[in-house]
Amino acid sequence: MTDVLDGKAPIVAVTDRASDAAGRAPAASAAAAAPATQLITPRAVHRHRERSAAGAVAARLGGPALIVAIWWVATATGLLTPDVLASPAQVGAAAVELWTNGQLPQALAVSLARAGGGLAIGVSIGLLLGLIAGSTRSGDAIFDSAMQTLRALPFLALVPLFMVWFGIGETARIALVAVATTFPMYVSASGAVRATDAKLLEAASVFGLSRWATARQIILPGALPGLFSGLRLSATLSIIALIAAEEINALAGLGYLMSEALNYSRTDILTVCILIYGAFGLIADTLIRGLERLATPWLRRKGARR
């Protein structure tokens, strides 16, 4: 009576009572009344296929090739005149000329030495301070606030001060590159060390691993992706800082070539130097990514790489 007044289905209740009266098990009746269960066919797991090395290189060169194609069309159709931007053919001819007369190899050697020297100094300092600040409370208290304050300063603002301290020689240029590359490495290193899994550290303590073994077997492998990210950022900033540093009365290097080309409005030589700066960044990033893949093979197995 209550079921009828509540509007529920009385037929089911009557059927159940009839089944009970017939001596059937209640569980069997419920199973018969329930809809048939349909098994779901498991779907195949789609794994990301590893791209070949040639395919990866072709994919990375696709963007620059598209830019060159647009540039070529713009100069061929007259949208860009030579006094604004030289054509790819004129830039190629200027590069061959500079390489043949020996100016370009000499400038490359000088600029690479400046960028490499400053990058090595800056990355070493940033890595050391980042590891100390990330692994010890006292190191964090001593270094982190000072590094965060200095990191907020634009390194270009330090150019006049460096000229006063170091003069207009190579020391000021290398110091500027070093300062620019220190902070990305510091931030990445300290953050990567702090992000070490606490459960792994606890397990290392339980199994009695020494501090050196813990750092070598747990902290360093876990921090490697962050360290390589910091190195990539530092390498990019070293190129930016190099461009600024070579504006300090440089008498050699790509900055000097650009200054001479500017005096004669040689847009072809200016473009050659700009493209070389860009090639520096692309080559450095590619080398570091390749080194990272070799140093962290477990990430590639997990499919963390694209």
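The values are calculated or read from the model by the stated rules, or taken from the named source; none is laboratory data. Keep in mind it's a predicted model, so treat the numbers as computed, not measured. Glycine gets a Cβ as well: all are built from the backbone with ideal geometry, and neighbour counts include every protein chain shown. To get the accessible areas, we keep the full protein, side chains included, count just its heavy atoms, and leave off ligands, DNA and RNA. Shrake-Rupley method; radii C 1.70, N 1.55, O 1.52, S 1.80 Å.
Restricting things to alpha carbons, find the Rg to Rh ratio for segment 84-295 using the Kirkwood radius for Rh. Can you show the working numbers first?
Details: Rg = 20.8 Å, Rh = 19.1 Å.
Rg divided by Rh gives 1.09.
Report the calculated FRET efficiency for ALA76 and LYS199 (r = Cβ-Cβ distance, R0 = 51 Å), to the nearest 0.05. Plugging the Cβ-Cβ distance into 1/(1 + (r/R0)^6) gives 0.25.
Amide H contacts for ALA86 (H built 1.01 Å from N in the peptide plane; partners 5 or more residues away or on another chain; cut-off under 5 Å): ASP268.
Per residue, how much accessible area does segment 84-295 show when a 1.4 Å probe rolls over the protein heavy atoms, in square angstrom? Provide the component values of the computation, followed by the final result.
On the way: 11120 Å² over 212 residues.
With all protein chains present, segment 84-295 gives 52 Å² per residue.
Between LEU287 and ILE67, the contour length at 0.36 nm per residue exceeds the alpha carbon distance by 77.0 nm.
Modelled label positions at LEU150 and SER265, each set 7 Å beyond Cα in the direction of Cβ, lie 4.5 nm from each other. Between PHE166 and ALA59, the distance separating the two model label sites (each 7 Å from Cα on the Cα→Cβ line) works out to 3.9 nm.
Take the Cα pairs of segment 232-306, get the Kirkwood Rh, then feed it into Stokes-Einstein at 4 °C and 1.567 mPa s and tell me D in µm²/s. Could you put the intermediate results ahead of the total?
Details: Rh = 14.4 Å.
In µm²/s, the coefficient is 90.
Quick one: grab the alpha carbon gyration tensor of segment 45-173, order the square roots of its eigenvalues as a ≥ b ≥ c, and give me rounded if a/c is under 1.5, else prolate or oblate depending on whether a/b is larger than b/c. It comes out oblate by the Cα gyration axes.
First select every other residue whose beta carbon is under 11 angstrom from the beta carbon of ASP144; then total the charges, Lys and Arg +1, Asp and Glu -1. Write out the running numbers ahead of the final one.
Working: positive: ARG137, ARG151, ARG194; negative: ASP140.
Once all neighbours under 11 Å are counted, the net charge is +2.
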